[in-house]
Structure formats: structure tokens, C-alpha cells
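Novice: If you scroll down you'll find the structure; I have some questions about it.
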Amino acid sequence: MTRFVCIHGHFYQPPRQDPWTDHIDRQPSALPFKNWNERIAAECYGPNAAAHIIGKDGHVSLHDNYRWMNFNFGPTLHQWLDDHHPALGAHIADADLQHPSELDGVRCGGIAQAWGHTILPLANRRDKKTQIRWGIADFAHRFQRQPAGMGLPEAAVDIETLECLAEEDIAFTVLPPSQAARIRKTEPNASWRPFDPETDTRKSTVCHLPSGKSIALFFYDGAISQQVAFDGLLHNGDRLAHALKTACMNGEPGDLLSIATDGETYGHHHRHGEMALAWCIQRFKHDPEITLTSFEHYLSTHPPVHEVEIHPVGSWSCAHGVERWRSDCGCQIDPSSGWSQAWRTPLRGALDQLNEALSGPFERAANRYVQDPWKARDDEALVAVGAMSREQFVQIHQRNDLTKEEVATVEKLYQLQRNLMAMFTSCGWFFDDIAGIEAQQVLAFAGRAIVLAEELFGQGTWRKDLLNGLSAAKSNKLGGGTASTILAGILDRDPSRRQDSPAGAQDEMFMTLHRQGADLDHQLAEAWERFGEDWLGDESDLSHLPLSLRACASSHCTRVILEGLRQHDWPKIQDKLHWAKIRKIEVDTSRLRIEIQRQLNRPLPGPDAPNPDPRAVKELVSLANILGIPLSVWAYELASGVAINAVGDGATRRPT
């Protein structure tokens, strides 16, 4: 009898957009990409849709990892993918429908995720329910089915969270073995015993809740998951496959070995990790002793025969329960820094206080327009994902016919709620300093909530109270200030009415025009020739230069790389990319994308047409990865013609 393997990826990025403009600002730390979403899409999300498997004979084939994984994609990430890389977003949703387990009548590659990556045990019950319902609504819209399972942010759980999941008909969730306290068989009079993380993770279990409801729990193999995420097991696909199979064969026939890590492990945290995963999956696809499955499918064929109890509260990235998101518990990224995380407590307290202080004014104001303000809030996710228009939302929830001005007020009320939900994104507390971009992001959502509240309810004490509460959240960085000074800076900018200095406005105009056409690009190129590379000398970092000069540098780099693409001069391309990287200059990926896709998707009129040069294809694909062009985009388009397999000195053409 076969053993089962389930590889789960928790794919997630926090909401990074400016809450005033709904656009992501440039993030210099993500260079050469515009922001971290683009960088991780290039390193992980795209490559996992078409991972390279290179055979011993040099044969190169493409492998879709998503079809063989269990996964959840955070709603804020999937929304960004649908907006910026729609082919990739659609591909991920399709992978759920194409999961091999569908052969047995169960479509089950994907599971939902609570919406805003809030640490649910730290949220009040009403907010827990909304986060869960928004996650379900998002999944149902994108995947066109109701989710059976839900991934919890940081796998953080308590009994109330499980109750909320069960109330929403979520059948199971996935937890680390450290969160299991004791276990027993479901047969009558069975005795409890301590949970064994080596053997008891191989079964599906059920947790009976105080309400009388129950939920299935899967506990992944913590040791192997740790090796995959942190200890180099992804350096070699054979090693990964060997470790998983060895662990499987030590169990009983019918057992399930599951691992769970951040999805970004495969390609972003570990370069080419998606290739190791693809190699491992390919091995198991042809191994009669191993069956790749998903949690949903395994649960449908192996109902729980063990009952489990969990610890009162826990998570997968804090040894102290959920203290990482509210106190200086000792969990941090760089223990050698000597930094304090005492700022976490006042940040948590101040945002909790703001959320509570605005709940009353929101409810009173919304009650004038809608029948049930909190029930309407649960449906706001349908508007956010495009499953329901604002007009439909109003028709369903309005007390009476609303005027256009009243509809606008309702929209603003629920924008307020979206920002209040987003300001509890877990990343704001996860990292080491309050001055980091993640903490600044949650403060920006809080700031936007303050501005919306003042527009809706008049001038209250919320701004003053929040600034006072945040004053105790002090940065470790020299000149980093406090959370209060960071928030004050965000509020003072008032991005909706921002007026830049004349020089700043000129720079912004320069960059905007630069992106509008080739004529200006020619002018920029001429300007670069006048004061460009020689003038800069040995300057290694150009990020401090005025935007107009950086636009010239960007234009210069882009032009040289385009020339290299058209000439297939790969050394020239690599040299200029290296030049741009060390000088922190962005290249215009939108223009390069067009040229790369043009060459990869050159029409092939018939079976006798010449094949593309295999080396050119390989170099173009590599460049696509570097420049943030997800491989699934060109893979989809390439699939409309031929799939290219590099073999030896030539290439074979295979219809797809």
C-alpha cells in the first residue's frame, strides 16, 4: 500500500500599497525591481509555474509545481497578481482545478487564508469572523468553489479561532506539531497520551470544540519542514526527495507525510528552490510507493481516527505562543543586533485602542444607511474582489433608498473598515524595528483610518490618542524616532493633496515623460551621453541623485540592454545589468518585457519552420527571471505554438 506526501506552501505578501493612492511606492530595498512584490514574483511565483528540470543529458523541461502542491495564496497577494500579472493569477487558480487529486473526484490543491494576515488569537471575535469570511469570499471568487480548508496567518491559533472556522464550515486547518498537546484514538474509553511529533503527524486528527462542533487538524512534520526552510535541503532535489521518502517509509502504509513552509521558500528565500521542488515532484510522480496528495483529498479518503487537543495558544514562528506580535519575547530576525522589541507592546495597544474607539462611531453612522453595519462589513470583501458592485452592495444592505451622496458616505465607511483590518497585518510586529517598512505600512493604514474617521465623524481625539499611545514605541535606529513621529510624518504628508517642491515636481515630470515615448527617450539618451557614465566616475550608488538624472541612467541602461537583446549579445546584457544593480538604477522592464516576449513568441507557421536557437531561449528565460517577468506569462503564450526542449546541440519542437 502506498504512502502519501503533501507539500504545502503558504504564499503571502502583506498589502504594500499607499492607502491614499492604492499604488505601491518604489521600494529601494527591492532593487533592481520596483517593489518587493515584483521581485518575489520574479524569483518565486512565476518560476514555480514553469520550473526548469534539467536532465543529466541536458534536456530542459518545464514543470508546474502548483499542480502538485497544497497551497494557500493570501488574498492581498492574489489581488496584486490579478492586477499586475493576470495570467499568473489565473494560472494559480487553474492549478487548483487541475490538481491530480481531481482524478478521484476531489478538486483540492488550494485552501483559503484569513484575509489580512492578522494574528487571529489577538483579534476580537467580531474581527476574527470578518477576517475569516473575507478570506472565504476571496477564495470562492478566485477559485470558483468554496474552500474546505483555511491557512491561518503564522499558523496562529486558539480555541476561539477554531470555533470561528468551524462556524464558517471550514473542515480543516494546518498547524505545526508544537501546537498539539495530547492525542487519543476516537474509539470509546481511549486514553489520552502526549502528542508525539515524529509519529502522530502522519494521521489526520479531529479536535472536538466546546460548542459541540469539530474541525480536522493536520500537523506537518516539523523537522523536515525546518530542513527545507532553513537547513539547505533545497540545495539538491535528489536530497529533498530522499529525505521525504525515507521519512515516509519509516511510517505505516497509508500514512501521510506533510511538510509546510512559506511558499516563498521555493525560489525567493532559496534561489532555484523551485527547481529542487520540481525535481522532487517529478521523482515522486513515477514512484509507485509514493502518492502526492493534498490535505483535502487525504481527508476525504482517510477520515480521522484520532482526537487531539491543542495548547491554549500557539503559532509556527514564535516559541512563546503569539507574544512576537505584542511583546519583547526574544523572537527576532537578528539576535546579534542587540536591539529591543519593546516597541511591539505600545504598537499593539495603540492600534487595539484605535480599533475599539472607532467601532462605536462607525456603527452609529452606518446604522443610518444600512440594516446591519457588521453584516454589511462581511460582504465588503465581495466588493473588494469585484464579485459584487458597490451598487449591488447598497441594494442588499440599505435601510432605505440612498442618494448618491449617501452611497459615497457608505463607501467611505467601509474604506475605513478595510484600513482598520489592514493595520493589524502581522508583518508590522514580526521584524526587528518599528522604523522598518513593514511597521511603517501598518502605521500608514492606521493614519488613513484616522483621516477617514475625521472626514466621517468630525474632529475627535483619535489622532491625539493614537500619537500619544505610539510615543512609547521607540526605534533602535539612530534617528529612527518613535512610532508616533513616523505616523506624524505620514499624516503631515497628506498624500491626497501632496505638493512637491518645484525641483521634485520637475523630476517627477521628467520620469513620467520618460515612460511615455521613444522621442523623449532619445533626448534622455543624449543627455546621458553628455554627463553620464564618465561624469559619475567610480560612484557606486546613484540612488541619492535627482530623479531626472536617474531617469537618464535608466534610459541608458534600457537602451543598451535592448540593443543586446536584438543582437543576442548576452555579455553586453549581463554587464549592463550588473552596472545597474550596483548603482541601484532601475531599468524599464516594461519595454524589455515586450522585446523578450516578442522573441519567445515568434510565430512558427508550420512543422518545417526553423526552431528558435536553444541558447537564445535559455538566455531569454534567464533574463525574464532577472527582470521580473514571470515565466508563466511567456509559458502560456509559448504553449499556443510549441514547447521548446533543449537537447544537445539542437532543439525539438513538440506541439502542446
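Novice: How much accessible area does residue 451 have with a 1.4 Å probe, in Å² rounded to the nearest 10?
Specialist: Here the residue's solvent-accessible area equals roughly 20 Å².
Novice: Using each residue's phi in segment 471-486, evaluate 6.51 cos²θ - 1.76 cosθ + 1.60 at θ = phi - 60° and report the 3J(HN,Hα) Karplus result to the nearest Hz, with x for Gly and Pro.
Specialist: The phi angles translate into 5, 7, 8, 9, 6, 7, 7, 4, x, x, x, 10, 4, 5, 5, 5 Hz.
Novice: Taking the highest mean first, how do the peptides 422-435, 574-587 order by number of other beta carbon atoms within 10 angstrom per residue? Present the calculation step by step, with values, prior to reporting the outcome.
Specialist: Working: 422-435: 23.5, 574-587: 17.9.
Result, highest mean first: 422-435, 574-587.
Novice: What nm distance separates the two modelled labels at residue 363 and residue 345, each placed 7 Å from Cα along Cα→Cβ?
Specialist: The two pseudo-label positions are separated by 3.0 nm.
Novice: Loop-only GluC sites (Glu not before Pro) in segment 278-311, please: DSSP not H, G, I, E or B, and at most 13 other Cβ atoms within 10 Å. Don't jump to the answer; show the numbers that get you there.
Specialist: On the way: sites: 289, 296, 307, 309; in loops: 289.
Qualifying residues, ordered by number: 289.
Novice: Karplus couplings for segment 291-296 from phi (6.51 cos²θ - 1.76 cosθ + 1.60, θ = phi - 60°), rounded to Hz, Gly and Pro as x?
Specialist: 10, 7, 9, 10, 4, 5
Novice: Using heavy-atom solvent-accessible surface (probe 1.4 Å) with all chains present, what is the largest-first order of 317, 471? Don't skip to the answer; put the middle values down first.
Specialist: Details: 317 30, 471 55 Å².
Ranked list, largest accessible area first: 471, 317.
Novice: Suppose the chain between residue 581 and residue 22 were pulled fully straight at 0.36 nm per residue; how much longer would it get relative to their current alpha carbon spacing?
Specialist: Numbers: separation 559, 0.36 × 559 = 201.24 nm, distance 2.75 nm.
Here the answer is 198.5 nm.
Novice: Let me ask something else. Taking 0.36 nm per residue of separation and subtracting the Cα-Cα distance, what length does fully extending residue 181 through residue 54 add?
Specialist: Full extension from residue 181 to residue 54 adds 41.3 nm.
Novice: When the convex hull of the C-alpha atoms of segment 306-385 is computed, what volume per residue in Å³ does it have? Write down the numbers at each step before the final one.
Specialist: Working: hull volume 15.8 nm³, N = 80.
Dividing the Cα hull volume of segment 306-385 by its residue count gives 198 Å³.
Novice: Please give, to one decimal in nm, the separation of the simple spin-label points placed at residue 214 and residue 146, each 7 Å out from Cα toward the Cβ.
Specialist: So the two model labels end up 1.9 nm from each other.
Novice: Once label points are set 7 Å from the Cα along Cα→Cβ at both residue 125 and residue 337, what is their separation, rounded to one decimal in nm?
Specialist: It works out to 3.8 nm between the two label points.
Novice: Could I ask something else about it? Find, to one decimal place in angstroms, the Kirkwood hydrodynamic radius of segment 230-368, where the mean of 1/r is taken over every pair of different Cα atoms and then inverted. Please report the intermediate quantities before stating the final value.
Specialist: Details: mean 1/r = 0.0506 Å⁻¹.
Result for segment 230-368 stands at 19.8 Å.
Novice: Right, something else. Compute the Rg to Rh ratio over segment 140-285 from the alpha carbon atoms, using the Kirkwood formula for Rh, and round to two decimal places.
Specialist: Values: Rg = 16.9 Å, Rh = 16.9 Å.
Result: Rg/Rh = 1.00.
Novice: Given Cα positions, please report Rg to Rh for segment 1-140, the hydrodynamic radius being the Kirkwood one. Write down the numbers at each step before the final one.
Specialist: Details: Rg = 17.3 Å, Rh = 16.9 Å.
Value, to two decimals: 1.02.
Novice: Another question, if that's okay. Within segment 441-457, find all residues whose amide N lies under 16 Å from a label point positioned 7 Å from the Cα of residue 477 along Cα-to-beta-carbon.
Specialist: Output list for this probe position: 441-444.
Novice: Continuing with the same structure: Please list the non-local residues whose amide H lies under 5 Å from the amide H of residue 292, H modeled 1.01 Å from N, same-chain partners needing a gap of 5 or more.
Specialist: 5
Novice: Right, another one. Counting just the Cα atoms, what span does segment 349-394 cover along each of its three principal axes? Round to the nearest Å and put the largest first.
Specialist: Taking max minus min along each principal axis of the Cα atoms, segment 349-394 gives 35, 23, 12 Å.
Novice: Subtracting the Cα-Cα distance from 0.36 nm times the residue separation, let me have the gained length for residue 391 to residue 572 in nm, one decimal. Can you show the working numbers first?
Specialist: Working: separation 181, 0.36 × 181 = 65.16 nm, distance 5.42 nm.
Net length gain for the segment: 59.7 nm.
Novice: In Å and on Cα atoms, what radius of gyration and Dmax does segment 267-329 show?
Specialist: My reading of the Cα-based Rg and Dmax gives 18.3, 49 Å.
The values are calculated or read from the model by the stated rules, or taken from the named source; none is laboratory data. As the structure is a computational prediction, the values presented were derived from the model and not from experiment. Neighbour counts are summed over all protein chains in view; Cβ atoms, including those assigned to glycine, are modelled from backbone coordinates with ideal geometry. All accessible areas refer to the heavy atoms of the entire protein, side chains included, with ligands and DNA or RNA removed. Shrake-Rupley method; radii C 1.70, N 1.55, O 1.52, S 1.80 Å.
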